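These notes concern the structure reproduced below.
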Amino acid sequence: MSAIALSGKELAAAIRAEAAERAASLTSAGTPPKLSVVVATADESSAWYVRSIARAAGKAGVLCDIVDLGPEATPDDIRARLAALSADASVHGIMLQTPLPEGAVLEDLAGAIAVEKDVDGANPLSLGRLAAGLPAFAPATAEAVVRILDEHRIELTGRHIAVVGRSTVVGKPAAHLLLDRNATVTVCHSRTKDLAAVTSAADVVVAAVGRAGLLTAEHIAPGAVVVDVGTNPTEDGGLAGDVDTASVTARAGALTPVPGGVGPVTTALLLQHTVRAAGR
Ligand code: NAP
């Protein structure tokens, strides 16, 4: 058996096309949608990600302003800039890129992003609203997980889904979104005892850990669906997921590729959220 590849590329293209159409009509009506990405790091893979967002935004007709505060920025500098962008009527979406400088805490600083401009769901109020079933932007990566499963018509209701990782940007919001879709969700983390026993009992496994190849065939039930969120830089300049592709492909029923799975959908959703915010 060889797992079906659950590509995110076609879905991402469709989301980008819809965003581009809405961006064009907003621009001709005098409200060009604008995303501001606040960066305070010299991290190379972060810079690569931000450039890819800017490229995708450019193609979709969404203005993208990269606000580079440099790795020396203090938490107060970052908070002040987020507050200023929140008050700027020409800005519709705000994203705070990670990693952050020593001592800066994403969940704390992101509280300065106006909820209606919080297109990557980083403000704790957005996560709270999500958990309470109220309208809010979900973190784009967490939403991408659900959108990819929907795109490939994977049933969620009543299925047992193991989410590996409990970060506020991926694991926790993904668990809430999947719970809202009537899945039975188990959230695993670094203190989970016998991870393989938990994940191999699941119909769907979502890997959001940040450790290349952590999940191997022993973690996956035969025929299960696996969503690999991990983007771990490899020595040759490529990307590896959290799933050991060779062994899991032989056991799973379906698997998202890295790259080309969750990543492109995440970027497309950021643009979709920004045009939605601009349209309000
Ligand atoms: P994170 O904040 O570092 O969280 C990692 C989570 O994995 C934590 O909850 C941690 O548990 C858990 N974990 C660590 N080692 C484990 C182990 N051996 N067994 C089980 N759980 C373990 O990372 P993140 O920001 O959520 O990102 C996760 C991955 O997704 C990374 O590779 C990141 O690059 C990728 N990512 C991709 C996209 C995309 O667009 N494709 C976007 C965002 C992130 P504890 O809580 O106990 O420490």
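Taking the helices alone, the chain has a mean residue ellipticity at 222 nm of -12000 deg cm²/dmol, built from -39,500 (n - 2.57) per DSSP H run of at least 4 residues and averaged over all its residues. Dipole size of the chain about its Cα centre, with +1 on Lys/Arg Cβ and -1 on Asp/Glu Cβ: approximately 680 debye, rounded to the nearest 20.
Under 1.5 on a/c is rounded, so check that first for the range 31-114, then, if it is not, pick prolate when a/b is larger than b/c and oblate when it is not; a ≥ b ≥ c are the square roots of the alpha carbon gyration tensor eigenvalues. It comes out oblate by the Cα gyration axes. Counting Lys and Arg as +1 and Asp and Glu as -1 over every other residue whose Cβ lies under 14 Å from the Cβ of Leu11, the net charge comes to -1. Using the Cβ-Cβ distance between Thr192 and Ala17 with R0 set to 45 Å, the FRET efficiency from 1/(1 + (r/R0)^6) comes to roughly 0.70. Qualifying GluC sites (Glu not before Pro) in the range 130-192, where qualification requires a DSSP coil assignment and no more than 14 other C-beta atoms within 10 Å, comprise Glu155.
Solvent exposure of the range 144-280, expressed per residue, is 42 Å² of accessible area, with all protein chains present and a 1.4 angstrom probe. Among Asp120, Asp228, Asp65, the sequence by solvent-accessible area, most first, with a 1.4 Å probe is Asp65, Asp120, Asp228.
DSSP bridge analysis restricted to the chain gives an antiparallel fraction near 5%, rounded to the nearest 5. Is the range 60-109 rounded, prolate or oblate when judged by the Cα gyration tensor, a ≥ b ≥ c being the square roots of its eigenvalues, rounded requiring a/c under 1.5 and prolate requiring a/b larger than b/c? Because a/c hits 1.5 or more and a/b exceeds b/c, the range 60-109 counts as prolate. Note on the range 83-240: semi-axes of the ellipsoid equivalent to its C-alpha gyration tensor, largest first and rounded to whole Å, are 29, 19, 14. Neighbours of Glu44, meaning other residues whose beta-carbon lies under 15 angstrom from its beta-carbon, give a summed charge of -3 when Lys and Arg score +1 and Asp and Glu score -1.
Once the Kirkwood radius over Cα pairs is known for the chain, the Stokes-Einstein relation at 10 °C and 1.306 mPa s delivers a diffusion coefficient of 83 µm²/s. The candidates Ile94, Ile154, arranged from most to least accessible area with a 1.4 Å probe in the full protein assembly, appear as Ile154, Ile94. Just the C-alpha atoms of the range 94-163: what Rg/Rh do they give, with Rh taken as the Kirkwood radius? Taking Rg over the Kirkwood Rh, I get 1.05. Close amide H partners of Cys188, meaning residues 5 or more places away or on another chain with modelled amide H under 5 Å apart, are Val163, Val164, Gly165. A straight line joining the Cα centroids of the range 82-117 and the range 152-220 runs 28 Å.
Charge tally for Gly230 (other residues, Cβ to Cβ under 9 Å; Lys, Arg +1; Asp, Glu -1): -1.
Among the protein heavy atoms, those of Leu255 account for about 20 Å² of accessible surface (1.4 Å probe, every chain in place).
Using only side-chain charges placed at the Cβ, +1 for Lys and Arg and -1 for Asp and Glu, the dipole size of the range 31-114 relative to its Cα centre rounds to 520 debye. Here the peptides 30-36, 8-14 are ranked by packing, the mean other Cβ count within 10 Å, and the order with the highest first is 30-36, 8-14.
The Stokes-Einstein estimate for the range 203-280, based on a Kirkwood radius over Cα pairs and taken at 25 °C with 0.890 mPa s viscosity, is a diffusion coefficient of 184 µm²/s.
The values are calculated or read from the model by the stated rules, or taken from the named source; none is laboratory data. In this text the structure is predicted, and so the values were computed from the model without any measurement. All Cβ positions, glycine included, derive from the backbone under ideal geometry; neighbour counts span all protein chains shown. Protein only, heavy atoms only, side chains kept; ligands, DNA and RNA dropped before computing areas. Shrake-Rupley method; radii C 1.70, N 1.55, O 1.52, S 1.80 Å.
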